[in-house]
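The structure appears below as C-alpha cells.
The values are calculated or read from the model by the stated rules, or taken from the named source; none is laboratory data. These figures come from a predicted structure and were not determined experimentally. Don't worry about glycine lacking a Cβ; one is built from the backbone with ideal geometry, like all the others, and counts go over all protein chains shown.
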Amino acid sequence: MLRLVLAVAILLLAPANALAGTFKVVDGVIIFEGDDREDKIAAIDTGEHVLFTRFGGAHHGVADDACQLSNDQQSVACKKEGVTRVELSLGAGDDVAAISPSITLPVEFDGGEGNDGLFGGGGVDSFEGGSGNDNIVSRDGRAEQVSCGTGEDTAISDDTDVRSLCEQIEGDADLDGVRRPADCDDTNPGVHPGAVDVPDNGVDENCDGVDATNLDRDGDGIPRPQDCNDADPAIRPTAREIIGNAVDENCDTRIEPFPPILGSLSHGWRPAGSRTRNVSLVARRFPRGTSIRVTCRGGGCPFRSFRRTVGRGSVNLGRRFGTAALARGTRVDVRITRANRVGRLLRFRMRVPGQPTVDFKCLPPGGGTQDC
C-alpha cells in the first residue's frame, strides 16, 4: 500500500509534458534557457509581443509574468515594451531556432551541444553554434558575428559577416567567386560584379543596379542623343539631308521640303473683237532641264498641247499661238515642272476680251495640284 501511495505521489508531482526550457524578461532582455532536450522554436513580432511558438521538441514554460504561456502550451508571448534584445540559450540537444525577419531586436543565439539550426532575424544578431554539426543562416545584409564552434558546420552568411570555425561557407551558390549580397543573382554565374554587362538585354550582369545601354544601336558611329534615330544608320548628324521626304536625316531638327522652281513667266493679251489674242508668253531664268507643257482647250485653239525643255536662255511659248483668236471660255494651262522641285501651274481663262483671268497653283513632285 505504501509503495502505491509513493508511486501516485511521484506521478502527481511530474507534469504530463515536462518543460524543456523557460522564458523570462530580465533587465530588458528576453531570455530563453533550454535544457538537454531538443528545442524547436520559431519567433515572430506581433506588435506588442514577441511570440515564440514550438514546432517540435519538449514543451516550454515561463518564469515570470512578463511572458505568458498559451493554454495549449504551444506558444509563449513576451512583452516587447522596454526590451532591447533576445538571448536564446538552447542548451544540449539538436535544437532549432528560427527568427522572423520582422523581429529587428538583436538576437544572441547559443546553440550549445548538438546539431543545431540557427536562423537569424531582421536585427544585428550574433551566433554561437557550440559543439556539434551546426547550420547557421545569417544572410540578411547586415554585418554580424558568426562562431560555428567545433564540429562540421555550415554558415550561409553575408560577405560582411565575421565568421570563425565554420567549415563550409555557403554564399556563392553559383560558384562565380562572389557571394551575396555583392552577387545580385547568386543563381547565375554570368552575373556578378566585374562581369561584362550586355547592353539592352534587361539583365544587370555586373550588379551595378542598372542594365547597360548601347548608345549606338544602329552602329553608325554616332551615339544618342546626338543621333536622333538610333534605329536607322542612315539618320545621323553627318548624313546628307534628302529633301522632300518628311525625314530629318541629318538630325538638325528640320525637315527640308522640296524647293520651288525658280524663274518667271511673262504674258500679254489683247482683245480681238469678242475674242482674246496672245501677244507674248515667255519663260525666263528657269533652270536647264525644266519641262514646260502648254495645253489649250476651247474655241480658237491653234494646238492641243506642246512641250518645251529649258536649255540656255528664255523660251518663247507665245509663237505657237500665232494670230489665233481664243473664244470666251477657252482655257490655256502652262505647267512648269522639274525633278525634286515644286512646279507651277498657270491657268488662263478667256472671259473679258484681252483680259483673261489667271489661277496660280503648285505642282508637288509625285503629281497632283495644290494651293501654293
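Some observations on this one:
- Scope region 271-290; condition surrounded by fewer than 16 Cβ atoms within 10 Å (Cβ to Cβ) and within 60 Å of the chain's Cα centre (by Cα); matching residues: ARG285, PRO287, ARG288, GLY289
- Hey, ILE235 out of contact with any strand residue (DSSP E or B) (no Cβ under 9 Å at 6 or more places or on another chain), at pLDDT below 95 and of a type in the set (A, V, I, L, M) or not: no
- Hits in region 70-98 (condition: touching an Asp or Glu at 6+ places or on another chain (Cβ under 7 Å) and either at positive phi or not in a strand (DSSP E or B) (or both)): LYS80, LEU90, GLY91, ALA92, GLY93, ASP94, ASP95
- Positions within region 319-339 being over 13 Å from THR276 (Cβ atoms) and over 59 Å from the mean Cα position of the chain (by Cα), in sequence order: ARG319, ARG320, GLY322, ASP333
- Residues satisfying the stated conditions in region 239-251, i.e. surrounded by 12 or more Cβ atoms within 10 Å (Cβ to Cβ) and without any contact (Cβ under 8 Å) to a residue 40 or more places away in the chain: ALA239, GLU241, ILE242, ASN245, VAL247, ASP248, GLU249, ASN250, CYS251
- If the condition is being outside any loop (DSSP other than H, G, I, E, B) and crowded, with 18+ Cβ neighbours inside 10 Å, then region 99-116 contributes ILE99, VAL107, PHE109, ASP110.
- Residue count for region 342-372 satisfying the condition of being under 24 Å from THR309 (Cα atoms) and at pLDDT below 95: 8.
- In region 25-49, the residues that are on the phi > 0 side of the Ramachandran plot reach residues that are assigned to a strand (DSSP E or B) with C-beta atoms within less than 8 angstrom, at least six apart or across chains, in these pairs: GLY28/ARG85.
- Close contacts from region 62-78, counting a first residue that is without any contact (Cβ under 8 Å) to a residue 40 or more places away in the chain and a second that is of a type in the set (Lys, Arg), with Cβ to Cβ under 6 Å and a gap of 6+ residues or different chains, come to GLN74/ARG54.
- Selection within region 56-78 - surrounded by fewer than 18 Cβ atoms within 10 Å (Cβ to Cβ) and touching a His at 6+ places or on another chain (Cβ under 6 Å): GLN73
- Lone unmet requirement of (1) out of contact with any Leu (no Cβ under 7 Å at 6 or more places or on another chain); (2) crowded, with 19+ Cβ neighbours inside 10 Å for GLU87: (2)
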